[in-house]
Amino acid sequence: MSWWVARAERTVTEEIPAPPDEVRDFYVNLDNIKQVHPLVVAVHTTDRRETADGYVQTYRVQDRIPMGPLRLRISYVAILHVPHTGDVTAESRQFPRVRLHTTVTFEPIAAGTRVTEHMRIEAPRVLAGMTTREAVKAHITMLAGIRQIFE
C-alpha cells in the first residue's frame with residue numbers, strides 16, 4: 001500500500017421484508033440498483049462470464065458525486081462475483097485510485113433478510129474522508145431503498 005492511499009473499513013446493514021433469494025436477485029442486478037442508489041445515474045453491462053460456481057459480471061457505471069454546490073459526473077468499472085449461493089463480492093475502480101471492495105451477505109431472519117455490506121474503501125489520502133463518508137451514506141440510502149421496494 002502506498003503512503004498516499006488511505007484505507008477504511010465500514011459495515012452497513014438493513015433488514016428487508018422479503019426472502020433472501022429475492023433480495024439477492026434484486027441486489028446483483030445493477031440495473032435495479034440505479035433505482036435506489038443516490039449517486040448512480042447510468043449502468044451498462046460490458047461483460048458477463050459464467051464460472052464454475054456462478055458468474056462474474058462487469059459494468060460501466062456513471063455517478064454524480066457531490067462536491068459542494070457542484071455534482072461531478074464520473075464513470076467507473078464495477079465487477080460483481082455472484083456465486084450460485086452465498087456471499088456476493090464486488091469491486092469498483094475509479095479515477096484517481098479509488099477502490100471499493102464489498103462482501104455482501106443475505107441472512108434469513110424472521111422478518112425476511114438481513115443484508116450486510118462489508119466495505120473496504122481505498123482512496124488517495126486527500127480524498128479519503130469525503131470518499132468514505134459519501135460511500136457509506138450512499139450505501140445506507142441504497143439499502144433503505146431496497147427495503148422500501150419490498151415493503
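Between 17, 124, 96, where does the largest GNM mean-square fluctuation fall for the chain, given springs only between Cα atoms within less than 10 Å? Among 17, 124, 96, the largest GNM mean-square fluctuation belongs to 96. Of all the options 67, 119, 130, the one that moves most in a Gaussian network model of the chain with Cα springs shorter than 10 angstrom is 67.
For residue 114, the residues 5 or more places off, or on other chains, whose built amide H falls under 5 Å of its own are 16, 107, 109.
Taking the Cα centre of the chain as reference, the dipole from Cβ charges on Lys and Arg (+1) and Asp and Glu (-1) amounts to some 920 debye.
Compute the Rg to Rh ratio over the stretch 1-124 from the alpha carbon atoms, using the Kirkwood formula for Rh, and round to two decimal places. The partial results should precede the final answer.
Values: Rg = 15.3 Å, Rh = 15.6 Å.
Result for the stretch 1-124 is an Rg/Rh of 0.98.
For residue 103 and residue 49, the FRET efficiency from 1/(1 + (r/R0)^6), where r spans their Cβ atoms and R0 equals 25 Å, is about 0.80.
Per residue, how much accessible surface does the chain expose to a 1.4 Å probe? Answer in Å², no decimals.
Working: 8210 Å² over 151 residues.
Each residue of the chain exposes 54 Å² on average to a 1.4 Å probe.
Among 33, 18, 92, whose Cα lies farthest out toward the positive end of the dipole of the stretch 1-112, if unit charges sit on the beta carbon of Lys, Arg (+1) and Asp, Glu (-1)? Farthest towards the positive pole: 92. Sparse packing (at most 13 other Cβ atoms within 10 Å of the Cβ) combined with a DSSP loop state is found for the following trypsin sites (Lys or Arg not before Pro) in the stretch 43-151: 97.
Roughly how large, in nm² to one decimal, is the mean projection of the convex hull of the alpha-carbon atoms in the stretch 13-85? If I average the Cα hull's projected area over directions, I get 6.0 nm². Remark: relative contact order (the chain) = 31 percent; criterion is Cα-Cα distance under 8 angstrom and separation of 6 or more residues. Calculated on the alpha-carbon coordinates, the convex hull of the stretch 51-151 measures out at 118 cubic angstrom per residue.
Which residue fluctuates the most in the chain, going by a Gaussian network model with Cα springs under 10 Å, if the choices are 110, 128, 138? Result for the chain, Cα springs under 10 Å: 110 fluctuates most. Note on residue 73 and residue 3: with the Förster distance fixed at 30 Å, the Cβ-Cβ geometry gives a FRET efficiency of about 0.50.
Taking 0.36 nm per residue of separation and subtracting the Cα-Cα distance, full extension of the segment from residue 84 to residue 144 would add 19.1 nm. Compared with the dominant Cα axis of the chain, that is its longest principal axis, helix 125-150 is turned about 20°.
The values are calculated or read from the model by the stated rules, or taken from the named source; none is laboratory data. Computed from a predicted model, the values in this text were never measured in an experiment. With ideal geometry, Cβ positions are generated from the backbone for all residues, glycine too; neighbour counts draw on all protein chains shown. Ligands, DNA and RNA are stripped out before the accessible areas are found, and what is left, the full protein with its side chains, is counted by its heavy atoms. Shrake-Rupley method; radii C 1.70, N 1.55, O 1.52, S 1.80 Å.
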